[in-house]
Structure formats: C-alpha cells, structure tokens
Amino acid sequence: MRELATTCCIAGGGPAGMMLGFLLARAGVEVTVLEKHADFLRDFRGDTIHPSTMQLMQELGLLDDFLKLPHTEERSIVARFGDRDVPIADFSHLPVAAPYIAFMPQWDFLDFLADRGRALPAFRLLMRTKATGLVRSGGRVAAVTVETPEGEATIWADLVVAADGRHSDLRQAGGFTVREIGAPMDVLWFRLSRRESDAGQTFGQVGRGRFAVMLNRGDYWQCAYVIPKGTLETLRAAGLDAFKEGLAALLPVVADRVGEIASWDDLKLLSVAVDRLERWWQPGLICIGDAAHAMSPIGGVGVNLAIQDAIATANILAGPLRQGTLTSAHLLAVQKRRSFPTKATQKVQLMMRRKRKPQGGKPTSGPPAFMRAIARSRLLPHLTGRLIGMGFRPESIRT
Ligand SMILES: Cc1cc2nc3c(=O)[nH]c(=O)nc-3n(C[C@H](O)[C@H](O)[C@H](O)COP(=O)(O)OP(=O)(O)OC[C@H]3O[C@@H](n4cnc5c(N)ncnc54)[C@H](O)[C@@H]3O)c2cc1C
C-alpha cells in the first residue's frame, strides 16, 4: 500500500473538482485531484459554459485562449410552442465579457483546465485513480483510500473535497444525510443530424404535454426528450417506431430524420435526481458541486453551480489551507455561502415544472404557468437570462 501526502485532496475531476484544483494550486495550495476515468471523454454531459464561468476566465486572463476552443454561442434561449417562438432567457444584456452561453463539449473544457493546472507546480492530477473510502484520525477525516492501476494507496490531506458527482462515493462513505427533493422526470438524450437549412438556434419545443430541448452542436442536434420518471420501459414496450412517431410530431423540424435512431441503444437515459445535503461538511471533509446538490436539468445550471461552488470554496479555504489554520468554521462558511443559491435554484426549478391547475375538474394541457408568464413579458426573459447565466449569487475570484 503506497502512502502519499498533500494539502488538499479533491476526489472527482468534473467541473467542480478541476476548477477548485486549478484555483487552489494557483493560490499556492498543494493540491491533488483524483479522477477515476483515464480521460474526460464522456458523451451527453453538461456542455454549457455560462456567462459567469467565462467572466471567471476573464478574471483569470484565460478567456481569449478559452474561446479559441470550438464552441457555439447562444445569446438567448427560445421556447417553441407549435410554430411560435418565445424567448424565455436573454443573456445579451448581461454586463460581462461574454454575454452568451457557450456550448462546448465538457471534455474540451476539462482538458483546458487540466492543461492550465499542470503548468502550476502545486497542481497534481491523478487519472485512473478512484477514491474508495475515508480514513479518520484524531476526530476528523485525514485521508482518502484510492484504487489505481498500480494497486491501492492512501492519500493523507489536511482537507478532502468530495467533488465526485451525483453518485458520490465519498458522500456515501461520509454517511451524510441527503434530502431528496424529488424529480418526477427522466431525460432521453440522443443525436440527430443538423442541416445548413435548419434554424440555427438552440431551443426548447413544447407541445402535446411534452417537452424537448434541441442544442445546436454544429453538424448535429443534441436532443433531450423529457419523459415522466420511470416510463422508459413503457415506451420500449410500445416500440421504437411509436417513439419515433411521437418525436416527429413534437419536433417537426427534424421529423424527416428521426429514422437516424436505429435502436434503443442510440438513446441514453439520464435518471434525474434533485437532492441536497443537510450539512455539506465534516471535520476534514467537504462536498461541493453535484456531490452536495444534484440539480434538475431545468435551465441547465448544474455546471454553473458546480463552478460557482469551486470559486467560493477556493476564496474561503485557500488562505487557511496555505497557512495550516483550517478549521470546521471555514467549512461551515463555504456551506453558508453556497447554500442560498443552491436552495433558491432548486426552488425555482420546482416552480418551473409546476403544471397548470385543473380547471373545472378537467386536467389542462399546454405549457407550464411560468412559460406562459415569460411569454407574456418583455422583462422576464432578462431576469431568467440573469438567473441562468449568472446564478443567484455570482462568485468572483479573490485568491
Ligand atoms: C446527461 C446529462 C446532461 C446534462 N446537461 C447539463 C447541461 O446542459 N447543463 C448543465 O449545466 N448541467 C448539465 N448536466 C449536469 C452537469 O453535468 C452536472 O451538474 C455537473 O457536471 C456537476 O459537476 P461536478 O463536478 O459536481 O460533478 P460531475 O460532473 O459529475 O463530475 C464528477 C467527476 O468525478 C469523477 N468521479 C466519480 N466518482 C469518483 C471517485 N470515486 N473517485 C474519483 N473520481 C470520481 C467522475 O468520473 C466525474 O469526472 C447534465 C448531466 C447529465 C448527466
């Protein structure tokens, strides 16, 4: 069994873990990031880079290089009711360097952070290294046990950060209390080709009580089709042809190419979870990003929240970690800082999926109340643009 020591050990090389690793190393804290996979290549992940993240890149002097990576830019998000387009979020007015959402494969974003991190002497990234458990000593978490291709090892650290996503191994090992918020939906992700003659913009399509999102990814559409939770088997029983017919009716713009879905294997199920921890920390350990709060896909805010958590964590903990003065009060301060935006965002997400009240005993169909309200207003798209693009409490780098 090998033994290693570091100041801060971060489990998980997703947006939260990689950004925190980079920011701490930049602030002179010796940091080791563990990623269980050999690379960052995974399809259908959160591929949205929000204006607030690009503002951070600007503050770090990295924005110009970052925007050289292939991406598409969306200054607003549109919901399509039948053939009527309604802007539901407008980012163009935001007072930031890049007032739009950049769609970029998450692996490009993470590779970019990894490259910048490796240039810093305090940064160490261990790929194919899975955090498997916690070691407690002196009343606190003092180390992480890991599996590597060379065998098992123990990594001792002043602080362990669980940034290992919604199925976090470390939050389970820590025995944290999880508050399930409930998510009565699943999402099917798939690709359909995109043609030059198609509308250019990413949009949400609402119709017949169903909802889909089409993300413009250049030569293809990345599509998310929302289904009631646990109904994939019912869809499968009805057959692929029936599924494709329903899809073509909802998405006339790609009705001529639903045949590209050759089998159920072309559809990837995202089982939606919405939850948050009652307490994000224990002495020597803190959870951030999806490990602390899995978000609903509504608004596509998971990556943004994960990055904002990382900035706040670096702002509050870099000094005490560098000076060796870290206490539980610092960990509590991180939770206090990020708890409000997490709860507020989840509350809005719950509100957004609320259906219209039945009228005269009859169930109603059509868009949820929030979409109809936004559709009627000229100002609301600016507000939703701010909330989606920047979040409830935008963070700024202070280290
Ligand atoms: C299909 C899908 C589509 C999504 N679309 C969007 C979107 O459009 N916009 C948006 O904002 N959000 C989206 N999300 C949510 C978004 O991806 C997450 O909210 C965000 O990635 C959270 O970042 P994170 O760093 O906290 O966790 P993650 O991104 O989950 O990263 C965790 C990392 O930890 C690694 N890991 C896990 N366990 C261990 C372990 N034991 N040891 C070491 N490493 C480990 C994982 O391999 C992973 O790299 C989507 C999610 C899914 C699944």
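Solvent-accessible surface of the stretch 199-267, averaged per residue with a 1.4 angstrom probe and all protein chains in place: 44 square angstrom. Running a GNM on the chain with Cα contacts under 10 Å, which residue among Pro95, Pro341, Pro149 ends up with the highest mean-square fluctuation? Among Pro95, Pro341, Pro149, the largest GNM mean-square fluctuation belongs to Pro149. For Ala89, nonlocal amide neighbours, meaning residues 5 or more places apart or on other chains whose placed amide H falls under 5 Å from its own, are Ile77. Ranking of Leu126, Leu62 by solvent-accessible surface, largest first: Leu126, Leu62 (1.4 Å probe, protein heavy atoms only, all chains present). For the stretch 155-232, a/c is not less than 1.5, where a ≥ b ≥ c are the root eigenvalues of the C-alpha gyration tensor, and a/b does not top b/c. That puts it in the oblate class. Spin-label pair Lys343-Thr399: with each label point 7 Å from Cα along the Cα-Cβ axis, the two points sit 2.7 nm from one another. For Lys336, the aspartates and glutamates whose Cα falls under 12 Å of its own Cα, not counting residues fewer than eight places away in the same chain, are Glu278, Asp309. Net charge in the neighbourhood of Asp90 (other residues with Cβ under 14 Å of its Cβ; Lys, Arg +1, Asp, Glu -1) is 0.
Here Arg195 sits with roughly 100 square angstrom of accessible surface, probe radius 1.4 Å.
Hydrodynamic radius of the chain by the Kirkwood approach over all distinct alpha-carbon pairs: 22.1 Å. Using the Cβ-Cβ distance between Asp39 and Glu59 with R0 set to 22 Å, the FRET efficiency from 1/(1 + (r/R0)^6) comes to roughly 0.20.
Among Ala318, Ala329, Ala273, which one shows the biggest mean-square fluctuation in a GNM of the chain, springs joining Cα atoms closer than 10 Å? The residue that fluctuates most here is Ala329. Gain on full extension, evaluated as 0.36 nm per residue between Met127 and Gln172 minus their Cα-Cα distance, stands at 14.1 nm. For the pair Ala238 and Trp156, a Förster radius of 56 Å applied to the C-beta separation gives a FRET efficiency near 0.55, rounded to the nearest 0.05.
For Thr231, neighbours were defined as the other residues whose beta-carbon sits under 13 Å from its Cβ, and their charges (Lys and Arg +1, Asp and Glu -1) total +1.
Please give the per residue accessible area of the stretch 66-113, computed with a probe of 1.4 Å over protein heavy atoms only, in Å².
Here the per-residue accessible area is 41 Å².
Measuring nothing but how far apart in sequence close Cα pairs (under 8 Å, 6+ apart) lie, relative to its length, the chain scores a relative contact order of 22 percent.
The C-alpha atoms of the stretch 177-324 occupy a region whose extents along the principal axes are 62, 35, 25 Å, arranged from largest to smallest. Karplus-derived 3J(HN,Hα) values for the stretch 260-273, using 6.51 cos²θ - 1.76 cosθ + 1.60 with θ = phi - 60°, are 5, 7, 8, 7, 4, 5, 7, 10, 10, 8, 9, 7, 6, 10 Hz; glycine and proline are entered as x. What the phi angles of the stretch 57-67 give under the Karplus curve with 6.51, -1.76 and 1.60, with θ = phi - 60°, is a coupling list of 4, 4, 4, 7, x, 10, 4, 4, 5, 4, 6 Hz, glycine and proline written as x.
If a/c stays under 1.5 just call it rounded; otherwise compare a/b with b/c (prolate if a/b is bigger, oblate if not). Do that for the stretch 104-220, with a ≥ b ≥ c from the square roots of the Cα gyration tensor eigenvalues. In terms of gyration-tensor shape, oblate.
What figure in square angstrom, to the nearest 10, would you give for the accessible area of Trp189 with a 1.4 Å probe? For Trp189, the solvent-accessible surface is approximately 40 Å². Around the amide H of Val141, modelled in the peptide plane, lie the amide H atoms of Gly284, Leu285, all under 5 Å away and 5 or more residues distant in sequence or on another chain. Within the stretch 228-317, the trypsin sites (Lys or Arg not before Pro) that combine a DSSP coil assignment with at most 16 other C-beta atoms in a 10 angstrom radius are Lys229, Arg279. Taken along the Cα-to-beta-carbon direction at a fixed 7 Å, the label points for Glu3 and Asp265 span 4.8 nm. Taking amide H as placed 1.01 Å from N in the peptide plane, Gln205 has its amide H under 5 Å from the amide H of Arg80, Ala212, Val213, Met214, each at least 5 places away in sequence or on another chain. Ranked from largest to smallest solvent-accessible area, with a 1.4 Å probe on the protein heavy atoms, Asp198, Asp111 come out as Asp111, Asp198. Multiplying the residue separation of Ser377 and Asp256 by 0.36 nm and removing their Cα-Cα distance gives an extension gain of 40.2 nm. Over all Cα atoms in the stretch 22-113, the spread is summed up by Rg and Dmax: 16.1, 54 Å.
With the simple model of a label 7 Å out from the Cα in the direction of the Cβ, Asp83 to Arg140 spans 6.5 nm. For the chain, the carbon plus sulfur part of the accessible surface works out to 52%, probe radius 1.4 Å. Segment Glu278..Gln323, full-extension length gain: 13.3 nm, with 0.36 nm per residue of separation and the alpha-carbon distance subtracted.
Taking the Cα centre of the chain as the origin, how large is its charge dipole in debye, to the nearest 20, when only Lys and Arg (+1) and Asp and Glu (-1) carry charge on their Cβ atoms?
In debye, rounded to 20, the chain gives about 1800.
Karplus-derived 3J(HN,Hα) values for the stretch 176-183, using 6.51 cos²θ - 1.76 cosθ + 1.60 with θ = phi - 60°, are 5, 8, 9, 9, 7, 9, x, 8 Hz; glycine and proline are entered as x.
According to the square roots a ≥ b ≥ c of the eigenvalues of the Cα gyration tensor, what is the shape class of the stretch 1-75, taking rounded for a/c under 1.5, prolate for a/b larger than b/c otherwise, and oblate for the remainder?
oblate
The values are calculated or read from the model by the stated rules, or taken from the named source; none is laboratory data. In this text the structure is predicted, and so the values were computed from the model without any measurement. Backbone-built Cβ (ideal geometry, glycine too); neighbour counts: all protein chains shown. All accessible areas refer to the heavy atoms of the entire protein, side chains included, with ligands and DNA or RNA removed. Shrake-Rupley method; radii C 1.70, N 1.55, O 1.52, S 1.80 Å.
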